[in-house]
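Heads up, the thing below is written out as structure tokens.
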Amino acid sequence: MVEALAGKGSVTMSRFIRSLLRPLTVLGLAVAGLSSLAGVAHADPSVLRANEYLFPGQGLFGSCFYGTTMQSDGNLATYSRQAAALWATNTVGRGGYLVMQADGNLVMYNWADMAVWSTRTSGNAGATTVQQDDGNLVVYKGGRAVWASGVVGEPLGDTNGCSGSPTKTAVAVGQNRPGSDIRSIELSQARASWCGYYCAQDARCRAWTYVPPGVQAAGAMCWLKGAVPAAVPAPGMTSGVIQ
């Protein structure tokens, strides 16, 4: 978990990092940081496109009856409307956030930005992950399925009229969104993913900007925003938008 130091603006992930396991080596992964995004992503609640992320509490709905959520315990899990667990990555205590990478690989990272699980589908640039309305979570390259969770359910409805659908985050490297700030946090480690986490946990937050160490403060800074300001090029910075 992310823990705020009492009386300070800085934050630490010491509780999580003390329990870090060895990283999983996955062919084609870029595990050092966040991916870039060429433009603002789409808000389809059933599709995760290149460089869209799921932070804890965010997820995909294929219908009003099936959904897959990135849980706060580190597990990615698919549930039915009746809260029956249908599939999971079995990464409790290890996972942090999920990324649909531009190389076509769906990857879960821990809070040290190391890979702990993936669909091993790199080499399929432009692939998307779809939560189908039959419960199956599928990575598609064009119209061809290159990975699936294997859930087989009855196709039920669509997302029209669904309430409380989980969200996702579109992330862009080399971009700032100045203005509309509601909170600033000095991070104890230079990790843009931590900024994305804090925004996803704050119901007021619609966008965020990560600023590397030495630009505004000795440490890295995270700015949470109550609206979605216009993006401007900013080398070294990273921004995200809640979809």
Counted residues, the range 192-204 - those being assigned to a loop (DSSP other than H, G, I, E, B) and under 22 Å from N110 (Cα atoms)
1
Test W223 against the criterion of being in a strand (DSSP E or B), in contact with a helix residue (DSSP H, G or I) (Cβ under 6 Å, 6 or more places away or on another chain), touching a residue at least 24 places away in the same chain (Cβ under 8 Å) and not polar (S, T, N, Q), and give yes or no.
no
Can you say whether G214 is farther than 29 Å from T128 by Cβ and not in a helix (DSSP H, G or I), as far as the supplied structure shows?
yes
Considering the range 109-158, residues that are in a loop (DSSP other than H, G, I, E, B) and charged (D, E, K, R), and then whichever is farthest from the chain's Cα centre (by Cα), we arrive at E154
Lone unmet requirement of (1) in contact with a strand residue (DSSP E or B) (Cβ under 9 Å, 6 or more places away or on another chain); (2) in the same structural domain as G74 (by TED's automatic domain parsing); (3) farther than 14 Å from L60 by Cα for Q175:
(2)
Answer residue from the range 62-87, given it is hydrophobic (A, V, I, L, M, F, W, C) and surrounded by 22 or more Cβ atoms within 10 Å (Cβ to Cβ) and is farthest from the chain's Cα centre (by Cα) among those
L76
The listed residue being over 30 Å from E154 (Cβ atoms), part of a loop (DSSP other than H, G, I, E, B) and hydrophobic (A, V, I, L, M, F, W, C), out of A83, A102:
A102
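The values are calculated or read from the model by the stated rules, or taken from the named source; none is laboratory data. Keep in mind that this is a model prediction, so the values were computed, not measured. Please note: Cβ atoms are built from the backbone with ideal geometry, for glycine as well, and neighbour counts cover all protein chains shown.
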